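Any read-out appearing in this document is the output of simple, stated calculations on the displayed coordinates, not a laboratory observation. Since the model is a prediction, treat every value here as computed from it, not as a measurement. Cβ atoms come from the backbone with ideal geometry, glycine included; neighbour counts cover every protein chain shown.
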Amino acid sequence: MLRKLTISVLGAAALMFSTSAFAQGTAAEAKAMLEKTVAAVKADKTKALDTINKGEGGFLDRDLYAFCFNISDGKVVATGNSNPVARQVLGRDARTLKDATGKVFGEDLYAAAKEDQITEVSYMFPKPGTDSTPAPKVSLVTRVGNLGCGVGYYK
């Protein structure tokens, strides 16, 4: 009986870890999504932001999602993250965002939004579709006109 229970637990753990690994996006995929975000914003900013906020059009893929904020006032105008904690950032000044460790990562995101340059910013943030538990994340950020946009991947 104990042997069967141990095998069941180990099998469930292996399945859980293999599913988690499969569901995680990569740095290369995050960069590709950021490039897609930049192109969409340049083509039709209003439509792109709406599509990102709905998590449609390829702007939400597993744990990868696009986000954008205004350069003028730092206001977050789009996030593809469906996590309720992440949705609360909409309308807030990105520069004030802190992670679970107290790091004000929003200032780094804002500073990273430089035209024709992709900059990495590391911080802790909840994954889409999970509880509010923060996880290590790296966001790739660039400037697109009057917006800062990024896509992050979880480590």
Taking the simple approach of a point 7 Å from Cα along Cα-to-Cβ for both residue 32 and residue 155, what is their distance in nm?
2.4
Add -39500 (n - 2.57) for each DSSP H run of 4 or more in the chain, then divide by its residues: what number comes out at 222 nm, to the nearest 500 deg cm²/dmol?
-12500 deg cm²/dmol
Once amide hydrogens are built 1.01 Å from N within the peptide plane, the residues lying 5 or more places from residue 71 or on another chain with amide H under 5 Å from its amide H are 147, 148
Cβ-Cβ cut-off under 15 Å around residue 42, Lys and Arg +1, Asp and Glu -1: the net charge is 0
Treating only the Cβ of Lys, Arg, Asp and Glu as charged (+1, +1, -1, -1), what charge dipole size does the chain show about its Cα centre? Round to the nearest 20 debye.
380
List nothing, just return the count: lysine pairs in the chain, 8 or more apart or interchain, with Cα separation under 16 Å.
16
Take every DSSP beta bridge with both residues inside the range 25-154 and express the antiparallel ones as a percent of the total, to the nearest 5.
95
What ranking of 139, 72, 132 emerges when the number of other C-beta atoms within 10 Å of each C-beta is taken as an exposure proxy, fewest first?
72, 132, 139
Net length gained if the chain between residue 122 and residue 87 were fully extended (0.36 nm per residue, minus Cα distance):
10.7 nm
Taking the range 25-154, the whole-percent share of alpha-carbon pairs separated by over 25 angstrom is 10
Quickly work out the residue 56-to-residue 96 label distance, labels modelled 7 Å from Cα along the C-beta direction, and quote it in nm with one decimal.
3.1
Here, residue 103 and residue 130, labelled 7 Å along Cα→Cβ, have an inter-label distance in nm of 1.5
Furthest towards positive pole of dipole, 126, 136, 96, structure part the range 25-154, Cβ charges:
96
Which trypsin sites (Lys or Arg not before Pro) in the range 83-133 pass both tests, a DSSP loop state and at most 16 other beta-carbon atoms within 10 Å?
92, 98, 103, 114
Let me have the relative contact order for the range 25-154, percent, based on Cα pairs under 8 Å that are six or more residues apart.
26
